[in-house]
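The values are calculated or read from the model by the stated rules, or taken from the named source; none is laboratory data. This structure is a prediction, so every number in the text was calculated from the model and none was measured. Neighbour counts are summed over all protein chains in view; Cβ atoms, including those assigned to glycine, are modelled from backbone coordinates with ideal geometry. Remember, those area values only see protein heavy atoms, side chains included, never the ligands or the DNA or RNA. Shrake-Rupley method; radii C 1.70, N 1.55, O 1.52, S 1.80 Å.
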Amino acid sequence: MRLGVEETLGALNAALGPGGPVWFKETRARHLRVRDFLAPRRALQARFGDDQVPERVVHAIVGLQGPGVAPVLSCAPTPAGLALQLRRSAVFERVLGAVAAYAAPTVPAAPGPRVVLHCPALRGSPCALRLSQLRAVLVADHLARALHAHRVSVRLVPAVRDPHMPTFLQQLRVDWPAASERAATEALRSRALAELTPARNAEALPSGALGRVCLKELVDERGRTTGYDPNLDSCLVTEDLLAVLAELQQAVQDWAEDSSLGLAAAPDAGTDSCMVVHVVSCEEDFQQQKLDLLWWKLDDQAPLRQKHLVCGPVKVAGAPGTLTAPEYYELRHAQVCKASALKHGRDLAQDPAWMEIFRVLSVATIKFEMLSTAPQSQLLLALADSSISTKGTKSGTFVMYNCARLATLFESYKCSVEQGLYPTFPPVSSLDFSLLHDEHPSPPQGEWLLLFNSVLPFPDLLGHTAALPRTAPGLHITARTEMVCKFLVQLSMDFSSYYNRVHILGEPRPHLFGQMFARLQLLRAVREVLHTGLAMLGLPPLSHI
């Protein structure tokens, strides 16, 4: 079983006895020189009074064992609290001897819940897509990838119908289905006609409208306590609105049919087990609330769990608010091409291989800008050329640059082996990871920092990204779709700092090969984690920039 940060924290907190969590994992390099976990002094005083932590508790912590629990070297009181350090060589050996287990999400034993991800912004055309709607699209796509990786059954709605939208989504590396045929609306139309309220003062209905349906009773019955807008009183029912409901209805009913046919399904595969998540921009939230209530009104089998993941507004510094998603992409693409021409001293825009790299860098820039902020928060975009610099440590371009540096490192090693400078890579089981002992010098080399902050906690991070609060009360939910981008940026910063300090491929001398191979295995793990993280964003790794 793989080691886990959460398993270790759980065991440490349990060892202190009843009470809330006390321990936390250190992340800063200066703290990691002396400890890996800390139980703060004030928290311990609240638990044990002014007395010291009992000696028997400290002994129990040092001897901690269990599934996923990292081996402990020492635990001692310090002015900051109870400081714990792991047996780092043993952790290096366990983790780097099973890289695949740490570079992939933890797959649950049983199939996960059923989720319909609905992104209304995809019903229009690309040229009408506002930046706030683009943000919702990217959040939905990233969330779908994270859920799929954890074996959650996901249906994506709507299937796009605009003829230009599939090409634009492909450009953005968004994986979304295209429409095949329309879902039937006859049953919903019949129910709607029966629910129509009489027209007020001979109200003229727009073309395609059937009439109005009263929603006040539903708002009073289930909406007020869960967060629906109290001003919702009626909904104008149109053919387009019925088509939207029919597609959502079909997505849920298909699951019930799969279950009746004996296909693989979650244990509770009825419609009540299905969760519908509407990923909407803040401008779309009110209209989507109407649609929720109308679905419940017209369909007795509509899922009880409908949640809204509302993406905050996108503000653009120094630019008009009318910038569309395609215009934003073209701007970033032009900036990437310009920056590359300045870096390489020539225009590479006519080279097909480089053009594909430029497209990937443009999308990476956009996705890291759109996804690095918690989705419910306001996002401020700066459109200056500096946003796509490889020297800026917060950009998608910086992450892709370090991805390329890793690829270059391993390609250099491969070429050196072919030239006879280095031996072929030995079996991992034969490597001596005690040679990665230089985490304490000042400044630290960063090997433990890379393993402890990047490789070891990565499966837990992916789990948090895919976690949706299914049973949380209320209409609105949050998702941690910013976590992967922030993680990859920090990983790239730590790797870049390490790479600039440490000469990995040293002199071809036999007595240095042991440490070189141990370091290469560590960077293999970093590379695999980086590639998995990029895949969660729909981004391929780059070999050069």
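For the range 305-330, the set of residues classified as among the hydrophobic types (A, V, I, L, M, F, W, C) and either surrounded by 16 or more Cβ atoms within 10 Å (Cβ to Cβ) or touching a Lys or Arg at 6+ places or on another chain (Cβ under 9 Å) (or both) consists of Leu309, Val310, Cys311, Val314, Val316, Leu323, Ala325, listed by residue number. May I ask you to verify whether Leu361 is open to solvent by less than 30 Å² (accessible area, probe 1.4 Å), modelled with pLDDT of 90 or more and in a helix (DSSP H, G or I)? When the stated conditions are applied, Leu361 passes them.
Can you find a residue that is out of contact with any His (no Cβ under 6 Å at 6 or more places or on another chain), open to solvent by less than 20 Å² (accessible area, probe 1.4 Å), closer than 22 Å to Thr27 by Cβ and hydrophobic (A, V, I, L, M, F, W, C) anywhere in the range 467-476? Within the range 467-476, none of the residues are out of contact with any His (no Cβ under 6 Å at 6 or more places or on another chain), open to solvent by less than 20 Å² (accessible area, probe 1.4 Å), closer than 22 Å to Thr27 by Cβ and hydrophobic (A, V, I, L, M, F, W, C). Taking strands (runs of 3 or more DSSP E) as the structural unit, those lying wholly within the range 1-114 and holding at least 3 residues that are surrounded by fewer than 16 Cβ atoms within 10 Å (Cβ to Cβ) correspond to 72-78.
The residue that is modelled with the lowest pLDDT, among those in the range 413-445 that are open to solvent by 50 Å² or more (accessible area, probe 1.4 Å) and of a type in the set (Gly, Ala, Ser), is Ser442. In summary, Leu342 fulfils each of the numbered conditions (1) modelled with pLDDT under 95; (2) within 14 Å of Leu134 (Cα to Cα) with the single exception of condition (2).
For the range 155-178, the set of residues classified as over 22 Å from Leu539 (Cβ atoms) and touching a helix residue (DSSP H, G or I) at 6+ places or on another chain (Cβ under 8 Å) consists of Arg155, Val157, Pro158, Ala159, Arg161, Asp162, His164, listed by residue number. Take the range 493-523 and flag every residue that is without any contact (Cβ under 8 Å) to a residue 60 or more places away in the chain and part of a helix (DSSP H, G or I). Within the range 493-523, Asp494, Ser497, Tyr498, Asn500, Arg501, Pro510, His511, Leu512 qualify.
Here the condition is being open to solvent by 70 Å² or more (accessible area, probe 1.4 Å) and either under 30 Å from Ser190 (Cα atoms) or modelled with pLDDT of 85 or more (or both); of Asp272, Asp254, Asp299, Asp285, it holds for Asp272 alone.
For Ser454, indicate whether it is crowded, with 17+ Cβ neighbours inside 10 Å and hydroxyl-bearing (Ser, Thr, Tyr). Yes: the conditions hold for Ser454.
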